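Participant: Got a structure for you, written out below as structure tokens; questions coming shortly.
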Amino acid sequence: MKAAIFFLLSATAVYGFTPVPSFSNAVKSSTVTKEAEVFDQEAYIAESKEMRLKHLEEQAMFALKIAVENYGNAVFPNALIAGDCVITHLLDRMGYLKDGKCKVMVVDTFHLFPETMKFVEEVENHYGFKAEVFCAEGVPVGDKAAYDNKYGADLWKENIDEYDRVCKVEPFQRGLKTLNTDCMINGRTRWQGAERAWIDLFENAPIGGGLAKCNPIAYWTLEDTFDYIAKYKVPHHPLHAKGYPSIGDAKDTIPIPEDGSVRFVDWKFDGDFTEWLDYGLERKGRFVGLKNADGSTKTECGIHVSGAEKTWDRDLWEVEKSSVKKVDSSDSALEVKKSGKPSVMVVYAPWCKYSQEMEDEFEKFAKESNVDVYSFRGDEVRDFVQAELN
């Protein structure tokens with residue numbers, strides 16, 4: 001009896017997807033063959049995917065409507081990756097870009113691929129809006145030479161956390177503040193990996209004192225994202241056609257696989273798309289070769305991490321607590337240099353581990369020596385240090 005029941009359940013399961021008129025017909029081989037010929041598996045899969053995508057679109061637009069209509073200053077920090085291109089298209093469909101109800105913000109790290117900022121202009125022209133661009137503090141937008149002079153071209157090699165703070169976290173937060181953001185829209189998804197596996201459509205950001213945060217495509221897979229791009233012919237980053245599933249800084253972003261054999265070209269994949277679309281692989285080519293301060297592999301740039309805006313606990317040789325005299329400006333540093341008096345000046349960066357390790361030695365030296373000992377923070381005026389203090 002058990003075997004008979006098992007057979008019946010199995011037969012039902014086997015023919016569950018075939019639109020047979022009755023069970024008696026299903027067990028007749030000739031009828032099964034005829035129905036199998038009628039059933040188009042690929043068409044059924046395509047229809048099912050379209051049903052799923054339609055639901056995801058509606059869900060994402062529902063979230064965006066709440067974010068934009070319920071808040072006065074919704075801002076979308078756009079990194080031009082695939083998911084962000086989808087959100088840009090959705091915002092345009094809803095009219096929020098042209099009417100300015102949702103502002104778009106871009107952070108230029110000065111280490112992006114050349115194609116990225118050019119693509120920003122293409123997206124602006126396509127949708128008819130103007131993005132607000134933010135970069136490292138005290139540097140004109142687009143002026144890489146000024147950035148190098150102020151912060152150093154190799155800051156990311158010297159201290160990756162400080163680089164993230166200067167080039168990503170600080171301008172990101174400054175942008176949100178400048179635009180009076182009360183709701184931040186972003187393209188993170190659960191599919192991107194374990195660090196993001198439990199995000200929802202709405203949450204409070206760990207920055208800005210609990211800023212409202214909308215993740216409209218939180219429940220999308222990367223396959224859903226590219227299906228949407230293909231369906232609506234959405235403008236997307238040109239580097240997808242060169243093998244990059246995700247795009248960040250040029251210095252630490254590589255194609256996946258590295259030979260560039262998987263590409264998204266003419267609205268379809270060329271190569272083994274599972275190399276991109278499997279769980280957690282979207283950002284596999286990001287942060288390559290980078291380590292956190294504790295030696296662990298880097299997987300986040302800090303923008304979405306609480307506390308990333310501060311990479312050091314305090315300044316070194318603090319005023320009124322140290323025997324080392326503080327020089328607080330370039331002009332004051334020149335005065336010390338030109339005074340002709342015997343003195344020692346240590347040029348430092350509060351985030352630099354070597355400066356931190358020297359603090360006690362210079363403090364001891366200042367207390368025991370007969371010459372004045374000064375400290376001058378030089379990491380943000382590197383051009384001046386190179387020209388005047390070397």
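The values are calculated or read from the model by the stated rules, or taken from the named source; none is laboratory data. Quick caveat, the model's predicted, so the values are computed rather than measured. Here Cβ is always computed from backbone atoms with ideal geometry, including for glycine, and neighbour counts include all displayed protein chains. Surface areas here come from the heavy atoms of the whole protein model, side chains and all, with no ligands, DNA or RNA. Shrake-Rupley method; radii C 1.70, N 1.55, O 1.52, S 1.80 Å.
Participant: Let's see if you can work this out: charge +1 on each Lys and Arg Cβ, -1 on each Asp and Glu Cβ, no other charges. What is the dipole magnitude of segment 44-181 about its Cα centre, in debye to the nearest 20?
Facilitator: In debye, rounded to 20, segment 44-181 gives about 400.
Participant: Between segment 214-277 and segment 54-124, what's the alpha-carbon centroid distance in Å?
Facilitator: Spelled out, the Cα-based centre of one part sits 17 Å from the other.
Participant: Okay, next question. Using a 1.4 angstrom probe with every protein chain in place, what is the largest-first accessible-area order of V107, V38, V346?
Facilitator: V38, V107, V346
Participant: Roughly how many debye, to the nearest 20, is the charge dipole of segment 192-288 about its Cα centre, given +1 on each Lys and Arg Cβ, -1 on each Asp and Glu Cβ, and no other charges?
Facilitator: That gives segment 192-288 a dipole magnitude of about 320 debye.
Participant: Full-extension gain between K118 and L389, please, as 0.36 nm times their residue separation minus the C-alpha to C-alpha distance.
Facilitator: That works out to 93.7 nm of additional length.
Participant: Once you have the alpha carbon radius of gyration of segment 47-124, what is it after dividing by 2.2 N^0.38 Å, with N set to its residue count?
Facilitator: Cα-based Rg divided by the globular estimate yields 1.22.
Participant: Which far-off residues, 5 or more places away or on another chain, put their amide H under 5 Å from the one on S375, with H placed in the peptide plane?
Facilitator: Under 5 Å from the amide H of S375 lie the amide H atoms of K325, K326, V327, V346, each far enough along the sequence or on another chain.
Participant: Any idea what the alpha-carbon Rg over 2.2 N^0.38 Å comes to for segment 336-390?
Facilitator: So the Cα radius of gyration is 1.18 times the expected 2.2 N^0.38 Å.
Participant: Could you tell me how many degrees, from 0 to 90 and to the nearest 10, lie between the Cα long axis of helix 222-232 and the main elongation axis, the longest principal axis, of the Cα atoms of the chain?
Facilitator: 70 degrees
Participant: Would you mind counting up the charge near G95? Only other residues with Cβ under 15 Å from its Cβ, with Lys and Arg at +1 and Asp and Glu at -1.
Facilitator: Net of charged neighbours comes to +2.
Participant: Relative to the compact globular guide of 2.2 N^0.38 Å, what is the alpha carbon radius of gyration of segment 117-222, as a ratio? Walk me through the numbers on the way to the answer.
Facilitator: Working: Rg = 16.2 Å, N = 106, 2.2 N^0.38 = 12.9 Å.
Normalised by 2.2 N^0.38 Å, the Cα Rg of segment 117-222 equals 1.25.
Participant: Could you tell me how many degrees, from 0 to 90 and to the nearest 10, lie between the Cα long axis of helix 29-38 and the main elongation axis, the longest principal axis, of the Cα atoms of the chain?
Facilitator: Roughly 50 degrees between the two axes.
Participant: If the only charges are +1 at each Lys and Arg Cβ and -1 at each Asp and Glu Cβ, what is the size of the charge dipole of the chain around the Cα centre, to the nearest 20 debye?
Facilitator: Its charge dipole is roughly 700 debye.
Participant: Select from Y71, C135, G271 the residue farthest towards the positive end of the dipole of the chain; place +1 on Cβ of Lys and Arg, -1 on Cβ of Asp and Glu, and compute about the Cα centre.
Facilitator: Positive-most Cα among the choices belongs to Y71.
Participant: May I pose another question? With every protein chain kept in the model, how would you rank T109, T299 by accessible area, 1.4 Å probe, largest at the top?
Facilitator: T299, T109
Participant: Roughly how much of H236 is accessible, in Å² to the nearest 10, using a 1.4 Å probe?
Facilitator: Only protein atoms counted, so the area is about 40 Å².
Participant: At a 1.4 Å probe radius, which order do E318, E195 fall into by accessible area, largest first?
Facilitator: Sorted by accessible area, descending: E195, E318.
Participant: Report Rg/Rh for segment 173-270, rounded to two decimals, where Rg is the Cα radius of gyration and Rh the Kirkwood radius.
Facilitator: The Rg/Rh ratio comes out at 1.03.
Participant: Arranged from highest to lowest average of other beta-carbon atoms within 10 Å per residue, in what order do the peptides 242-253, 275-286, 331-342, 364-375 appear?
Facilitator: Packing order, densest peptide first, comes out as 242-253, 275-286, 364-375, 331-342.
Participant: Taking only DSSP H segments of four or more residues, each worth -39500 (n - 2.57), what value at 222 nm results for the chain once the sum is divided by all its residues, to the nearest 500 deg cm²/dmol?
Facilitator: -11500 deg cm²/dmol
Participant: Taking the inverse of the average 1/r across all pairs of different Cα atoms in the chain, what Kirkwood radius in Å do you get?
Facilitator: 24.7 Å
Participant: Heads up, I need the accessible area for D315: 1.4 angstrom probe, whole protein in place, Å², nearest 10.
Facilitator: Using a 1.4 Å probe on the heavy atoms, I get roughly 50 Å².
Participant: Right, something else. Need the C-alpha centroid separation for segment 159-197 versus segment 328-384, integer Å.
Facilitator: 34 Å
Participant: Right, here's the next one. Helix 82-93 versus the longest principal axis of the chain: what angle, 0 to 90°, nearest 10, using Cα atoms?
Facilitator: The answer is roughly 80 degrees.
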